[in-house]
Amino acid sequence: MPDQQLEHARTLIKMGQPEQDEWALSRLEEALPTRRPVIVPLALWLDEHADEEGLAPWLPSDTELTDALALELVKAPLVAIDFPAFTDGRGYTLARLLRERHGYEGEVRAIGDVLVDQLFYMTRCGFDALALREDQHLDDALRALGAFSVSYQPAVDQSEALFERRLRENGQA
């Protein structure tokens, strides 16, 4: 496959900081690119390439995250989750299941239709790398990540609800 069909590196936000992305992204399912490192469709990655260095999978939003698949994903240096449209929230569930149910500790990256308005919530669900849609501005994204100082609900990034934290801090828990 010609490598010019890859989406090339751009700035992404990783662990809340801008970073130059070393990984290219391939959306073609029939051929493995020669360039490394590269993120490829899940089916291509699973097709006997899961152990290959410099390859990582991206999951479509409708992926069924079975225990068997989660065991395979542990081999991946990162797992990208595609948001085909900003209105498709299934990627949030995939990230949370990867982190909480399956204990995945590698990078979980949001790709696709990733908007500034979603970033705070994505990090709460377990994403630690965010590849913004090209028309989104980095400065706006960094501000959005710090938009809320307190969260009421428990999530991947904070396992206690606000009332539980307050009780614990006041010695009542």
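Considering only residues of the range 51-64 that are in contact (Cβ under 8 Å) with a residue 24 or more places away in the chain and within 18 Å of the chain's Cα centre (by Cα), which is surrounded by the fewest Cβ atoms within 10 Å (Cβ to Cβ)? Checking each candidate, the answer is ASP62.
The rows are residues; the columns are (1) under 21 Å from VAL40 (Cα atoms); (2) modelled with pLDDT of 95 or more.
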| position | (1), (2) |
| --- | --- |
| GLY54 | yes, no |
| TRP58 | yes, yes |
| LEU69 | yes, yes |
| LEU94 | yes, yes |
| TYR121 | no, no |
| PHE127 | yes, yes |
| HIS137 | no, no |
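Report whether or not THR66 is hydroxyl-bearing (Ser, Thr, Tyr) and farther than 24 Å from GLN118 by Cα. In short, yes. Answer yes or no: is there a residue in the range 5-12 that is surrounded by 12 or more Cβ atoms within 10 Å (Cβ to Cβ), outside any loop (DSSP other than H, G, I, E, B), modelled with pLDDT under 95 and of a type in the set (Asp, Glu). There is at least one residue in the range 5-12 that is surrounded by 12 or more Cβ atoms within 10 Å (Cβ to Cβ), outside any loop (DSSP other than H, G, I, E, B), modelled with pLDDT under 95 and of a type in the set (Asp, Glu).
Filtering the range 23-32 down to residues that are surrounded by fewer than 20 Cβ atoms within 10 Å (Cβ to Cβ) and not hydrophobic (A, V, I, L, M, F, W, C), which residue is farthest from the chain's Cα centre (by Cα)? Here the residue is GLU30. Inspect the range 74-89 for any residue being aliphatic (A, V, I, L, M), closer than 20 Å to LEU132 by Cα and either free of Cβ contacts under 8 Å to residues at least 12 places away in the same chain or touching a Lys or Arg at 6+ places or on another chain (Cβ under 6 Å) (or both) and give the result as yes or no. Checking the range 74-89: at least one residue is aliphatic (A, V, I, L, M), closer than 20 Å to LEU132 by Cα and either free of Cβ contacts under 8 Å to residues at least 12 places away in the same chain or touching a Lys or Arg at 6+ places or on another chain (Cβ under 6 Å) (or both).
The values are calculated or read from the model by the stated rules, or taken from the named source; none is laboratory data. From a predicted model like this one, the values you see are computed outputs, not experimental measurements. Please note: Cβ atoms are built from the backbone with ideal geometry, for glycine as well, and neighbour counts cover all protein chains shown.
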